[in-house]
Amino acid sequence: MTEVVLFVIFAAVALTGAVVMVTAKNPVYSAMGLLTTMFTMALFYILLDAHFLAVVQILVYAGAVMTLFLFVIMMIGVDKKEDTAETIPFQRGLTVVVGAGLAAVVIMAGRQAWVTGSTAFGAPDLNGTIETVSDALFGTWTVAFLSTVFLLTIAAVGTVALAMFGTPQLRDTKSEEAP
Amino acid sequence: MTVTIGWYMSLAAVLFAIGAAGVLTRRNALVMFMSVELMLNSVNLTFIAAAKELGLVEGQVAALFVMVVAAAEVTIGLAILVAVFRRRASANVDELSELKG
């Protein structure tokens, strides 16, 4: 019963955060809504026995990614009004229809046993501590783990390259205006 | 009444749909990125719910890899956004239409 109460409360919080994120005019409010959803996600991970991933969720998402987002929001400026004029006719209405349809299809699929793979016999207990996760990560999935190293290196190099060589036009206009 | 795995998957489905609607309706590139993050997070919730249901730790490993990919995506995406902003002074994706035929 406790789990049901916890689930209902935090599912409501997560959905509220998501809706606030999509509808808020100010990007800072959007970031705060997403942050709320991230924190409740971490709680769901704990309820699902994924303790290590819950900590990673808070450290990586609520800590690093959201800080990066807020930093860029502050840098780019939040005072500009967003142009909400529709360039494609009926886009809003189509979005509601497509989103509701998507949710309905995925909810229906989630109830089928051939999608979830659940059996009537139940499953062995899973304790997602850092020990069990790293056993799988450095045992069976070592190659996949090592390829994420390449991925992150490429991302870091790409970011530096974008920052260094991304704006040739700006430099030209600045040098013309300066004298 | 207990919380079955279908509850978590339904919540993840609704969150995914909200994120998809955000990507489709918003014009601010930052908010679109946040919506993509929400979609990735809801998929993570599905992975972890399935891992619990099946008793396999591979679901949690997959969620960890999704987090790595999401971190790389955010880094590159925000760098592109800052580069575009320095050139155009706008975060509106509708204004980036130079390649339009």
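Percent of alpha carbon pairs in chain B separated by more than 15 Å?
68 percent
How many angstrom separate the Cα center of the range B:60-79 from the Cα center of the range A:1-47?
20 Å
Principal axes first, then extents: for the Cα atoms of the protein assembly as shown, list largest minus smallest coordinate on each axis, whole Å, largest first.
Taking max minus min along each principal axis of the Cα atoms, the protein assembly as shown gives 77, 44, 34 Å.
How big is the Kirkwood radius of the range A:1-80, worked out from every pair of different alpha carbons and given in Å to one decimal?
Taking every pair of different Cα atoms in the range A:1-80, averaging 1/r and inverting gives 13.3 Å.
Using protein heavy atoms only (no ligands, DNA or RNA), what is the total accessible area buried between A and B, 1.4 Å probe, nearest 100 Å²?
Approximately 7000 Å², summed over both chains.
At 1.4 Å probe radius, can you tell me the per residue accessible area of chain B in Å²?
Ligands and nucleic acids excluded, the figure is 37 Å² per residue.
Sum -39500 (n - 2.57) across every DSSP H segment of at least 4 residues in chain B, then divide by the residue count to get the 222 nm mean residue ellipticity, nearest 500.
Result for chain B, helices only: -27500 deg cm²/dmol.
The values are calculated or read from the model by the stated rules, or taken from the named source; none is laboratory data. Since this is a predicted model, take the numbers as computed values, not measurements. We work out accessible area using only protein heavy atoms, side chains counted, and drop any ligands, DNA or RNA first. Shrake-Rupley method; radii C 1.70, N 1.55, O 1.52, S 1.80 Å.
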